[in-house]
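Please read the structure below before turning to the comments.
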Amino acid sequence: MFYLLFPASPRPLIQRRHHFWESQKWADSRPKRWSQRSCSKVSSISRSRYLLYEGYRMLTPFAIPQFNGDPVLILPPSYMKDIITRSDLDVSLPLVAEHNTAARYTGDEYIVRNPVHVDLVKRQLNRHLKCLTADIADELTLGFLEQWGSGQYKSVPLYTSCMKIVSRGANRVFCGADLCRCRNPNFLEHSRRYTQNIFAAAALINLAPAWLRPMISPFATYPASRQLEYCKAIAVPLIETRLKAAHGAFISQNDALQWLIEDCIKRGDAVELDPVMLCRRLLRLNMAAIHTTSISITNAILDLYTSPETTRFVGGLREECERTLAAHGGVWNKEGIDALVRTDSAIKESMRLRSFGLIGTNRIITNPCGLDLDGKIHIPFGVQVATPIDAIHRDATFYERPEVYDAFRFSQSRFANQVYHHGPDGSRPSQSTPDLTTTSDTFLVFGHGRHACPGRFFASQEMKLMLAHVVLNYEVEIKGPRPENRDIGTASLPDNTVQIAVRPRR
């Protein structure tokens with residue numbers, strides 16, 4: 001019946017994939033009947049971590065079901081280098097993003113397939129970080145005052161407050177003070193809700209069979225569409241003003257919106273210069289930057305302030321931050337942020353222990369002939385592969401006491417390296433030492449290889465500024481043991497209902 005309704009469907013391709021999945025090892029028993037496959041998909045919402053750890057012990061490729069799509073082939077670490085060094089003609093990362101956000105139905109397909117904003121981050125954002133640090137620090141300080149206050153002990157929702165603070169810092173860089181300051185708080189709120197609604201819509205759309213998706217997508221995307229209209233009403237007039245000014249005179253704005261405008265003018269790209277398109281690009285940057293950073297800094301605060309060694313860890317971080325800030329005239333700059341070795345380690349250790357995804361380095365096979373890996377397995381076109389990064393991060397082969405949060409795990413080795421490799425002023429660690437932004441075979445939160453997350457340098461700076469501000473300016477109290485994260489499929493999220501008590505330090 002399917003092939004009568006959809007005669008153009010690539011039946012041989014579907015059959016090849018079916019035979020491929022039939023031939024693979026599964027972390028659990030291979031579901032053969034339709035009812036078993038459906039139950040397996042549903043159970044993967046809560047059982048993915050268990051399945052990944054069971055499969056990881058096999059030391060061979062294995063398959064796991066996904067509640068919102070086709071199965072994923074999980075590759076052991078020994079196969080990873082072969083995948084991440086492959087040509088973009090063989091494997092695709094953007095197609096993974098296209099699937100995860102259901103871009104075909106949520107209206108972002110063109111943007112995902114033409115990632116001008118990603119190229120912008122690679123070429124402009126990282127190069128301008130040095131001159132943007134003070135602005136980011138200023139915006140984050142205002143965000144903390146707004147969310148955490150300046151009076152007596154106050155109970156705050158940790159995840160929600162962190163997301164709002166992260167959003168302010170990120171949008172100061174993306175679109176300048178005009179849209180991120182209190183002069184326009186609605187833009188921040190609507191852009192944040194737009195991102196949340198897009199992910200919710202994508203999850204719902206991907207749950208449905210392919211033939212049903214065009215029918216349910218208008219309903220699933222309605223909340224996001226409303227938020228998009230609100231964002232356009234606020235941002236488009238500002239963008240139009242910028243466009244008019246950019247054609248006539250020198251503009252002193254130093255933010256992603258201005259870089260996009262100038263880049264499109266140079267290329268004569270009329271499509272990209274459309275104000276609505278530029279607004280959607282800004283929202284796409286928000287989607288990439290805000291949630292993962294918010295999750296990571298929330299986890300870092302929870303890990304730090306629920307550790308049995310909280311007093312030692314917080315004291316060590318505070319001493320480092322006070323010393324570094326004093327050495328740089330009481331104002332944060334990039335050199336000062338780079339010198340926060342312990343702070344960097346505390347965040348990196350939290351990301352190691354609680355990465356926001358249980359799998360990573362995802363790719364979809366795009367070579368029409370498929371791929372042969374290590375002469376042992378042939379993977380057909382269209383199959384998604386990934387690496388079990390959470391299991392790798394908790395492997396005792398790579399990390400001593402891997403289940404324990406040790407805030408200074410990475411700073412101890414960096415201090416040792418500085419004896420032999422130090423900067424010209426004797427204070428900065430060598431660039432060869434592994435900081436938060438350094439990816440490796442055993443630290444994969446940001447991916448690895450040439451497609452590692454290009455925004456990780458900005459995210460690292462923002463998180464270090466936030467954690468430094470917390471230890472310098474607040475007393476934090478979290479009652480009881482650390483609240484467990486919630487796994488939803490292969491995503492791992494902090495409990496967004498957690499409340500913490502905060503009070504400015506005296």
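Taken together, the values in this text are just the output of simple stated rules run on the coordinates, not laboratory data. All values reported here derive from a predicted model rather than from experimental measurement. Counting neighbours? That spans all protein chains shown, and the Cβs are built from the backbone with ideal geometry, glycine included.
Using Cα positions and a limit of under 20 Å, work out the aspartates and glutamates in reach of Lys81, with same-chain residues fewer than 8 apart set aside.
Asp90, Asp372, Asp374, Asp390, Asp395, Asp441
Could you give the Stokes-Einstein D for region 206-271 in µm² per second, using the C-alpha Kirkwood radius, 37 °C, 0.692 mPa s?
Using the Kirkwood radius from Cα pairs, D works out to 222 µm²/s.
Just check region 33-115 against the gyration tensor rule for me: Cα atoms, a ≥ b ≥ c as the square roots of the eigenvalues, rounded for a/c under 1.5, and otherwise prolate or oblate depending on whether a/b exceeds b/c.
oblate
Which order, highest average first, do 327-333, 218-224 follow once you tally other Cβ atoms within 10 Å for each residue and take the mean per peptide?
218-224, 327-333
What order do you get for Arg506, Arg86 when you list them from fewest to most C-beta neighbours inside 10 Å?
Least crowded to most crowded, the residues run Arg506, Arg86.
Treating cross-link reach as a plain straight distance, find the lysines whose alpha-carbon is under 17 Å from the alpha-carbon of Lys25, omitting any fewer than eight places away in the same chain.
Here the lysines satisfying the reach criterion relative to Lys25 are Lys41, Lys376.
Is the C-alpha gyration tensor of region 261-345 telling us rounded, prolate or oblate? Criteria: a/c under 1.5 is rounded; beyond that, a/b larger than b/c is prolate, otherwise oblate.
Since a/c reaches 1.5 but b/c is at least a/b, the shape of region 261-345 is classed as oblate.
From zero up to wherever the largest Cα-Cα distance of the chain sits, split into 20 Å bins and tell me the percent of pairs in each.
For the chain, the binned pair fractions read 21, 55, 23, 1 percent.
Go from 0 up to the bin containing the longest alpha carbon distance in region 234-285, width 5 Å each, and give me the % of pairs per bin.
Calculated over all Cα pairs of region 234-285, the distribution is 4, 21, 37, 27, 9, 1 percent.
If we restrict to alpha carbons, what Rg and Dmax does region 119-259 come to, in Å?
Reported Rg and Dmax, both Å: 18.1, 56.
Among Asp28, Asp88, which comes first, then next, by fewest other beta-carbon atoms within 10 Å?
Starting with the residue having the fewest Cβ neighbours, the order is Asp88, Asp28.
Gap in Å between the Cα centre of region 441-506 and the Cα centre of region 314-386?
So the separation of the two Cα centres works out to 12 Å.
For Lys130, give me every one of the lysines with a C-alpha distance below 26 angstrom, ignoring sequence neighbours fewer than eight places off in its own chain.
Lys130 reaches Lys122, Lys164, Lys266, Lys334, Lys348, Lys464.
Viscosity 0.890 mPa s, temperature 25 °C: Stokes-Einstein D of region 340-393 from its Kirkwood Cα radius, in µm² per second?
In µm²/s, the coefficient is 183.
Compute the Rg to Rh ratio over region 23-173 from the alpha carbon atoms, using the Kirkwood formula for Rh, and round to two decimal places.
Result for region 23-173 is an Rg/Rh of 1.09.
Would you mind working out the magnitude of the charge dipole of the chain relative to its Cα centre, with +1 at each Lys and Arg C-beta and -1 at each Asp and Glu C-beta, to the nearest 20 Debye?
So the dipole magnitude of the chain works out to roughly 820 debye.
How large is log10 I(q)/I(0) at q = 0.27 Å⁻¹ when the Debye formula is applied to the Cα atoms of region 443-506, each weighted equally and without solvent?
For region 443-506 at q = 0.27 Å⁻¹, log10 I(q)/I(0) is -1.11.
Report, largest value first, the span of the C-alpha coordinates of region 301-391 along each principal axis, in whole Å.
Result, largest extent first: 60, 32, 19 Å.
Along its principal axes, what span do the Cα atoms of region 146-226 show, with the longest given first and each in whole Å?
55, 30, 18
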